[in-house]
Every structure is written in structure tokens, then in C-alpha cells.
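One structure is given here, and the rest of the page talks about it.
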Amino acid sequence: MFPLRVPIFAVLVSLTVGQYDDYDYQPASQYGPSSANCAQECECPINFPTAMYCDSRNLKFVPIVPSGIKYLYLQNNLIEEIKAGVFDNVTAELRWLVLDHNQITNEKVAKGTIDKLTGLHKILFSFNKLTEAVIPPSKSLDELKMMNNQLSKFPAGSLAGMQNLTSVHLQNNELTSKALNGVFKGLNKLVAIDLTNNKLKKLPSGMPSSLETFYGDHNDISSIAAGDLKELPKLAYLRLAYNQMADAGIPAGVLNVTSLIELDLSYNKLQSIPEINEQLEHLYLQVNQINKFNLENICKFSGPLNYSRLKTLRLDGNNLTHADLPHDSSNCLRQASDIIFD
């Protein structure tokens with residue numbers, strides 16, 4: 001999350017500053033007096049009257065949000081329930097909703113609350129007790145974060161038509177490939193999906209052609225189907241470390257994708273270096289069972305214009321040493337500044 005020590009307008013100028021789980025607030029005394037249009041449990045600085053700060057106050061409920069509020073911060077409380085009516089004044093105007101680090105369950109999210117927020121741009125609902133994703137019906141939504149819950153269900157069609165959605169963070173849940181199949185289909189601005197530490201056995205189907213980053217570390221993925229990456233022409237960063245990938249699960253050429261810049265297959269069960277494209281720059285294969293340096297899978301042939309763009313190649317934790325590096329590898333790997341064996 002963006003550091004909220006700065007004024008709201010400054011945050012809006014740069015949406016990429018800070019980490020998603022870093023909430024660092026300016027003391028209320030530095031904001032000056034609170035606006036009269038504010039819930040009594042919270043603070044609404046006069047200089048930033050569209051923001052309501054209710055964070056870190058041991059709240060057990062969401063207060064009624066007055067009209068005019070666009071940015072609502074409720075993280076780091078003891079909230080267990082979202083009661084009906086609390087958002088009735090801001091159904092179309094609320095832009096940011098931050099609910100991280102509370103104790104909210106699906107059963108305690110009343111109908112007519114989040115499901116009525118039609119103008120929401122960002123929903124941050126991490127570190128709670130949700131078992132099913134709670135999705136607002138906003139076509140303006142651009143950021144969805146529900147990390148560190150207990151999610152095992154994702155309502156089919158709940159993201160349909162959300163053409164402004166750019167990033168989805170669902171790491172540290174219990175989601176399966178079946179639960180996510182088709183969920184991201186047609187989201188033509190979606191560039192980043194993080195499903196680290198879930199229960200995937202394969203890549204979710206229907207991921208959009210706009211996707212640039214997919215993180216699927218710490219799952220149970222054992223294979224990549226021949227067509228999985230053909231529909232992702234912009235995919236640049238693919239991380240599948242700590243899975244169950246073996247040679248048999250990677251069809252020939254499936255990773256030979258011109259768009260890839262970084263590929264992480266470390267901590268799997270590979271016995272050989274998979275076939276990659278010469279445009280790949282960073283390849284992480286540490287802690288597998290590789291026992292042969294397959295140079296032909298990195299460079300089909302070498303020449304003045306035919307060589308690998310690899311800069312980083314990690315092979316530590318395998319059955320290889322520097323002595324296994326082929327004598328004719330220098331031309332192919334001419335740009336590699338960091339080749340690591342044991």
C-alpha cells in the first residue's frame with residue numbers, strides 16, 4: 001500500500017510508491033482539526049475532507065460513512081462485521097476502501113454494503129478471515145488485494161466487465177486452479193496476477209492477453225500445457241518456484257517465448273535445462289535435479305547475431321559444477337555476467 005504520511009493529492013499523483021502492506025500515518029495533530037462531516041470514531045482532516053481515517057482504533061465495527069468521503073481507511077482494527085447501511089451515503093463516490101488486518105468473515109459482510117459500491121477504484125481486504133472473494137460491482141476497479149485470507153472460492157463472473165482492473169493480488173490463500181478457471185478472461189488491462197502460496201496444480205485458464213506478470217510460487221503446479229503461454233504474448237515475468245515441475249511436465253518449446261524476460265523455476269524437480277528463447281535475460285533453476293548442461297536448449301546455434309541474452313543463470317543446488325559448462329558456451333552466453341554453480 002502507498003505510504004499515507006503524505007497528503008492524499010500527492011498519493012494520487014504517484015500510485016506506485018511504497019509497499020502494499022505499509023501503513024504509516026501522520027499523527028492526527030499534524031493534520032489539524034477534523035471536519036464536522038466525519039464519523040465520531042474517526043478523523044477527517046479539514047485539508048483533506050474526502051478522506052476518513054479510522055485505522056488502528058480498536059474498532060469492532062465499520063462506522064456509518066458520511067457523504068463526501070472518497071477514501072476510507074479502516075485497517076489495523078478488530079472489525080468482525082460490516083453492517084447493512086454503513087455505505088449507503090457513498091455507494092457511488094467511495095474510491096478507496098482499505099480493510100486490511102481485521103477479523104472479517106464472509107458471513108458478517110451484510111448484503112447492501114460492498115456489493116453496492118459502484119464507484120470503487122481500489123479494495124484492499126487482506127489479512128482477514130474471508131473464505132470467498134468479496135467483489136464490488138464497480139467497473140472502475142483497478143486494484144484488488146485479498147491476500148492472507150482463507151479464500152477457496154472465487155465467484156464465477158464476478159470480475160466480468162472490469163476493464164480498468166490492472167492488478168490482482170491473492171497470495172497466501174487456498175485457491176485451486178478450478179476455482180480460478182475463466183475468472184480473469186476478458187480483462188484487457190490486467191497486467192499482474194499474484195497467486196503465490198495457494199493450491200494451484202496448473203495455470204488458471206482464460207488469463208488475458210494483456211498479462212505481463214504472473215507469480216505462482218509455492219503451489220503444486222506439476223505441468224505447463226502446450227498452449228498455456230501462447231495466449232499471453234506480453235508475458236515478461238513468470239515465477240513458478242517451489243512447485244512440482246519435472247521435465248515431463250514441460251512440453252518441448254512451451255517456454256520458448258520471445259516476450260519472457262525473467263523465468264524462475266527454482267526449487268522444482270527438473271533434471272535438464274528447459275528450452276528457452278534467446279531473448280530471456282534471467283533464468284533461475286537453482287535447487288532442482290539437473291545433471292547436464294543442455295547448451296542447445298539455450299542457443300539452437302551460435303553466431304555473430306545468434307546468441308543468448310541471458311545475464312543471470314542460477315544452477316546452484318543441482319548436480320552440476322563449473323566443469324560441466326560446455327567449452328563452446330562462451331559465444332552463446334557472451335552476455336551472461338552471473339552464472340552460478342555450487
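Residues are listed down the side, and each one gets a yes or a no for (1) small (Gly, Ala, Ser); (2) crowded, with 22+ Cβ neighbours inside 10 Å; (3) without any contact (Cβ under 8 Å) to a residue 24 or more places away in the chain:
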site: ILE261; (1), (2), (3): no, no, no
site: SER272; (1), (2), (3): yes, no, no
site: GLU275; (1), (2), (3): no, no, yes
site: GLU281; (1), (2), (3): no, no, no
site: ASN288; (1), (2), (3): no, yes, no
site: ASN291; (1), (2), (3): no, no, no
site: ASN297; (1), (2), (3): no, no, no
site: SER302; (1), (2), (3): yes, no, no
Checklist entry - Which one of the conditions (1) at negative phi; (2) at pLDDT below 95; (3) surrounded by fewer than 15 Cβ atoms within 10 Å (Cβ to Cβ) does SER34 fail to meet, given that it meets all the rest? => result (3)
Checklist entry - Do we find that GLY161 is without any contact (Cβ under 8 Å) to a residue 60 or more places away in the chain, on the phi > 0 side of the Ramachandran plot and either surrounded by fewer than 22 Cβ atoms within 10 Å (Cβ to Cβ) or not hydrophobic (A, V, I, L, M, F, W, C) (or both) in this structure? => result yes
Checklist entry - Residues in segment 214-229: is at least one open to solvent by 30 Å² or more (accessible area, probe 1.4 Å) and not in a loop (DSSP other than H, G, I, E, B)? => result yes
Checklist entry - If you scan segment 184-202, which residues turn out to be part of a loop (DSSP other than H, G, I, E, B) and among the charged types (D, E, K, R)? => result LYS185, LYS189, LYS201, LYS202
Checklist entry - When the residues of segment 97-147 are filtered to those that are buried (at least 21 other Cβ atoms within 10 Å of the Cβ) and hydroxyl-bearing (Ser, Thr, Tyr), which remaining residue is nearest to THR196 (Cα to Cα)? => result SER126
Checklist entry - Taking segment 125-151 on its own, how many of its residues are under 17 Å from LYS108 (Cα atoms) and not basic (Lys, Arg)? => result 15
Item to check | The one condition in (1) closer than 24 Å to VAL191 by Cβ; (2) assigned to a loop (DSSP other than H, G, I, E, B) that GLN244 fails to fulfil | outcome: (1)
Item to check | Subset of segment 83-96 (residues that are buried (at least 22 other Cβ atoms within 10 Å of the Cβ) and either farther than 19 Å from GLU143 by Cβ or β-branched (Val, Ile, Thr) (or both)) | outcome: VAL90
Checklist entry - MET1 fails exactly one of the following numbered conditions: (1) surrounded by fewer than 19 Cβ atoms within 10 Å (Cβ to Cβ); (2) at pLDDT below 50. What is the number of that condition? => result (1)
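The values are calculated or read from the model by the stated rules, or taken from the named source; none is laboratory data. Please read these numbers as outputs of a predicted model, since none were measured by experiment. Every residue, glycine as well, gets a Cβ built from its backbone with ideal geometry; the counts of neighbours run over all protein chains shown. Surface accessibility is based on the protein's heavy atoms, side chains included, excluding ligands, DNA and RNA. Shrake-Rupley method; radii C 1.70, N 1.55, O 1.52, S 1.80 Å.
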